[in-house]
Amino acid sequence: METLITILAGVLVTVAVYLLLSRSIIRIILGSAVLSHAVHLLLMVMGGLKKGSVPLLGEVSDRYTDALPQALILTAIVISFAVTAFLLVLAYRTYQETGSDDLREMRGFTDE
Amino acid sequence: MNNMIVMPMIIPLLTGIILVFFRSYIKVQRVLSFLALVATAGVSVYLLNKIQTDGILRLDFGGWRPPYGILFVADSFSVLLVLTTAIVSAIVLLYAFSSIGFKRENMFFYPFALLLVAGVNGSFLTGDLFNLFVCFEVMLLASYVLITLGGKKVQLVESIKYVAINVLSSWFFLLGIAYLYGTVGTLNMAHLSARVAEVGQGPLLTVISILFLIVFSLKSGLLLYFWLPGSYSAPPTAIAALFGALLTKVGIYAMFRMFTLIFYHEPSITHTMIGVMAALTLIGGSLGAIAYKDIRQIVSYNVIITVGFILVGLAVSTEVGFQGAIFYLVHDMLIKALLFLLAGTMIYLTGKTRIEEMSGLIGNYPLLGWLFFLTTLSLAGIPPLSGFLGKLYIGQGAVEAGSYGLLALAFISGMLVLYSLLRIFMNTFWGETIISEEEEVPLKKSLLLPCVLLGIATIALGIGAESLLVYVEDAAYTLMNPEVYVDAVLGNRK
């Protein structure tokens, strides 16, 4: 199971890199969102997938699942949500101002 | 256990949240945000002195003993930076009062500036790697808003790149955390240090450390600085000054923590890499600083040169080198804020940004001219100003470690900093006065006051270096001996 998820994370990273390397802003945003999912999956695998019972007092078992990675992922998902939302609005506002979503046309330092 | 440690983060955070509800009361916002930062500075002075008597302080949130819970750790290094952050941001806010404009004040400028400070202070104080990531994000999200606030075309275009590159590096940060957790199974920095020391820093851990090096290089502008000059030139002066003074320093701080506390076992790989990157940064930054004629670009490239210079102190890894780097960090936060404020004031007064379009300003604004000259001298490291001691110690550290190449580069770049700023000075302040007295834009006292305050601070820091040295020595000692930090955090567990 771990191997499978790792491969899935790898595929997601591939997709994300492809999208990030394009010139269109909206693709870059999608790429960063996909990359965040890949990293979340990897974080989960790193803590080990479900190995035993819930780590609560009163649960009697000889194996417990590590709960920490899930707490980390939850936090990271919230952050990723906020950042992606901000990026989307920013891209829309930039499109309104410049009439373009092509990064190549935004090169160089321009005054006003 | 000391509850005061959380104050430098909580005060700006809560004030920022409260101020959101006072949107239309600009006066209230100004007063409260300034008071919050002054209070933060007061708390940090108290903490700094407490550390000298009681040793490193820590606060376990919710009473969870390390390494299980999240905690804040206050040692001299972090609290020195927290104190400087509070002072610099308070002074920059003074400048913002009369320059940022009603539109931005009405659109939550003060809450976001305070949230930025909260994120910066949190990053300095946290003792947990994942918490560091979260504090970084608090700081970065606030900075995303600040850089786009106002919504001018150039701001939006530049901030797209800034946001994109920072989002990417944040995910790499998380990736590094995932790998580290998978390898050693903890995220508490002191515990990480102990465990890495226990199992030895093998090739796998060294690769992970290089991943962190890349992440923090992107954030601090070490070698990977291509995004920096553009995005630091776009926002209004007060915001650019906050960025220039604070943001890159957080990346530098994180790098110091990582490579003195956790990954210090393979200096021949990691520290050599840092040295090479610092050298290339010095060269690239210097070239940029002398190539451009736009004041904002020159000033932004000066930020990059400093990053390279401070990391020379980390690359050589001697106690004197660390002392120099810490001293220079404190100095640079003050002086970069001053430099950005002065450059912004010049642009505000003349309405021009290129140095060949200004001339003879010293005839119109003598005090501004002398302040700029003072800044130039301080950045070049002329005694008795504050840049001197940091440069001296970093140089001494490089000599002790025998890295003469880095030493030469560091001081040649110092010369080029001097040249690039003198070029601004001679082109803009000297020469024929082209603005007649009738056309002269009056220089408001409220704009000049923060610059004068920062000017006094750089002189005071230079002359009073002796009294600061106690704290700097303690901070460098902790960096040099990571077991001090580890014992303070995990001590009563053993």
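The values are calculated or read from the model by the stated rules, or taken from the named source; none is laboratory data. Note that this is a predicted model, so its numbers are computed, not measured. Here the Cβ is made from the backbone with ideal geometry for all residues, glycine too, and neighbour counts use every protein chain on show.
Side notes on the structure shown:
- Of note, B:L149 satisfies the criterion of being closer than 22 Å to B:V28 by Cβ, within 12 Å of another protein chain (Cβ to nearest Cβ) and in contact (Cβ under 8 Å) with a residue 40 or more places away in the chain.
- Every condition in (1) surrounded by fewer than 18 Cβ atoms within 10 Å (Cβ to Cβ); (2) modelled with pLDDT of 95 or more; (3) within 27 Å of B:I252 (Cβ to Cβ) holds for B:V79 except the one numbered (1).
- B:V484 over 26 Å from B:L93 (Cβ atoms) and either at pLDDT 95 or above or exposed (fewer than 14 other Cβ atoms within 10 Å of the Cβ) (or both): no
- Qualifying residues in the range B:121-138 (those that are within 12 Å of chain A (Cβ to nearest Cβ), in a helix (DSSP H, G or I) and in contact with a helix residue (DSSP H, G or I) (Cβ under 7 Å, 6 or more places away or on another chain)) - the one nearest to B:V167 (Cα to Cα): B:E137
- Residues within the range A:89-112 that are at pLDDT 90 or above and among the basic types (K, R), tallied: 1
- When we screen A:R23, A:R93 for residues that are closer than 30 Å to B:V157 by Cβ, more than 15 Å from the chain's Cα centre (by Cα), basic (K, R) and at the interface with chain B (Cβ under 9 Å from one of its Cβ atoms), the only hit is A:R93.
- With respect to the conditions (1) assigned to a helix (DSSP H, G or I); (2) more than 10 Å from chain B (Cβ to nearest Cβ); (3) among the aliphatic types (A, V, I, L, M), A:V60 lacks only one, and its number is (1).
- Those residues of the range B:277-330 which are touching a strand residue (DSSP E or B) at 6+ places or on another chain (Cβ under 8 Å) and among the aliphatic types (A, V, I, L, M), in sequence order: B:I295
- Helices (runs of 4 or more DSSP H) (entirely within the range B:140-241) containing at least 3 residues that are touching a helix residue (DSSP H, G or I) at 6+ places or on another chain (Cβ under 7 Å) and farther than 27 Å from A:L68 by Cβ: B:153-184, B:228-233
- Restricting attention to the range A:71-81 and to residues that are exposed (fewer than 13 other Cβ atoms within 10 Å of the Cβ) and over 10 Å from the mean Cα position of the chain (by Cα), the residue that is modelled with the lowest pLDDT turns out to be A:A71.
- Residues that are under 30 Å from B:V184 (Cβ atoms) number at least 2 in the following helices (runs of 4 or more DSSP H) confined to the range B:262-376: B:270-291, B:295-316, B:319-350.
- Of note, A:S24 satisfies the criterion of being touching a strand residue (DSSP E or B) at 6+ places or on another chain (Cβ under 7 Å), under 30 Å from A:S100 (Cα atoms) and either modelled with pLDDT of 80 or more or exposed (fewer than 14 other Cβ atoms within 10 Å of the Cβ) (or both).
- Leading residue by the ranking (surrounded by the most Cβ atoms within 10 Å (Cβ to Cβ)) among those in the range B:287-303 that are more than 14 Å from chain A (Cβ to nearest Cβ) and within 13 Å of B:L379 (Cβ to Cβ): B:V303
- Scoring A:S100 on the criteria (1) in a loop (DSSP other than H, G, I, E, B); (2) facing chain B (nearest Cβ under 9 Å); (3) on the phi < 0 side of the Ramachandran plot leaves a single failure, condition (2).
- The condition of being modelled with pLDDT under 80, surrounded by 15 or more Cβ atoms within 10 Å (Cβ to Cβ) and facing chain B (nearest Cβ under 10 Å) does not hold for A:F86.
- When residues of the range B:160-185 are limited to those that are β-branched (V, I, T) and at the interface with chain A (Cβ under 9 Å from one of its Cβ atoms), the one farthest from the chain's Cα centre (by Cα): B:T183
- Some residue of the range B:193-203 being surrounded by fewer than 24 Cβ atoms within 10 Å (Cβ to Cβ) and within 30 Å of B:S446 (Cβ to Cβ): no
- Residues considered: B:S386, B:S436, B:S446, B:S413. Of these, the only one that is of a type in the set (G, A, S), touching a residue at least 60 places away in the same chain (Cβ under 8 Å) and farther than 18 Å from B:A325 by Cα is B:S446.
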